[in-house]
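The values are calculated or read from the model by the stated rules, or taken from the named source; none is laboratory data. Just so you know, these numbers come straight off a predicted model, no measurement behind them. Don't worry about glycine lacking a Cβ; one is built from the backbone with ideal geometry, like all the others, and counts go over all protein chains shown.
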Amino acid sequence: MQQSKGFTVVELLIVAVIIAILAAIVIPKFSAIRERAYFAAMKADLEHLSSRQQTYLEDHYSYSDDLEELALTSSHGVILTITASNSGWSAVAAHSELGKEEGCAIFGGAALPPTEPVTPTQKEEVVCSS
């Protein structure tokens, strides 16, 4: 009797099915982890913005909506929209990899909180849509 070398088609199909099942389990978990990282970057940028606004207020007795004046650089993919006046400021962070209805918001001073994508209830508190 001859000994065969290599794998049979059935063995190869079983391995392919096992790989497909593992991929179906891992891929959704990976995308959820990536989304959490996007929200963490937006939250960190808004917390940093809050700190920079307080420093700017102490130096200039007003708030700023200019990232260069605040010496602030946002994380990769994070889009900050700031509204400021002499008495308060608000900001919304979005990420280029997420939908428009997802994001984070914060406000400080006497400004009204932003309403889109979420509405913070307390000053200097970052609130995210997810």
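Structure notes:
- Counted residues, the range 57-93 - those being under 21 Å from LYS123 (Cβ atoms), part of a strand (DSSP E or B), of a type outside the set (S, T, N, Q) and touching a Gly at 6+ places or on another chain (Cβ under 9 Å): 6
- Evaluation of GLU101 against the conditions (1) closer than 19 Å to THR119 by Cα; (2) surrounded by 13 or more Cβ atoms within 10 Å (Cβ to Cβ); (3) not basic (Lys, Arg) shows that the sole unmet condition is (2).
- Taken over the range 1-51, the criterion of being under 18 Å from the mean Cα position of the chain (by Cα), among the hydroxyl-bearing types (Ser, Thr, Tyr) and surrounded by 11 or more Cβ atoms within 10 Å (Cβ to Cβ) is satisfied by TYR38, SER50.
- Taking residues in the range 90-102 that are of a type in the set (Asp, Glu), and partners anywhere that are surrounded by 18 or more Cβ atoms within 10 Å (Cβ to Cβ), the pairs with Cβ atoms closer than 7 Å and at least 6 places apart or on different chains are GLU97/TYR38; GLU101/PRO117; GLU102/PRO117.
- Of all residue pairs spaced 6 or more apart or on separate chains, those with beta-carbon atoms under 9 Å, a first member in the range 5-21 that is in a helix (DSSP H, G or I) and a second member that is at pLDDT below 95 are VAL15/PHE7.
- Residue in the range 99-108 that is farthest from GLU47 (Cα to Cα), counting only those that are modelled with pLDDT of 90 or more and of a type outside the set (D, E, K, R): GLY103
- Qualifying positions in the range 94-111 - assigned to a strand (DSSP E or B) and closer than 28 Å to ALA32 by Cα: ALA94, HIS95, CYS104, ALA105, ILE106, PHE107
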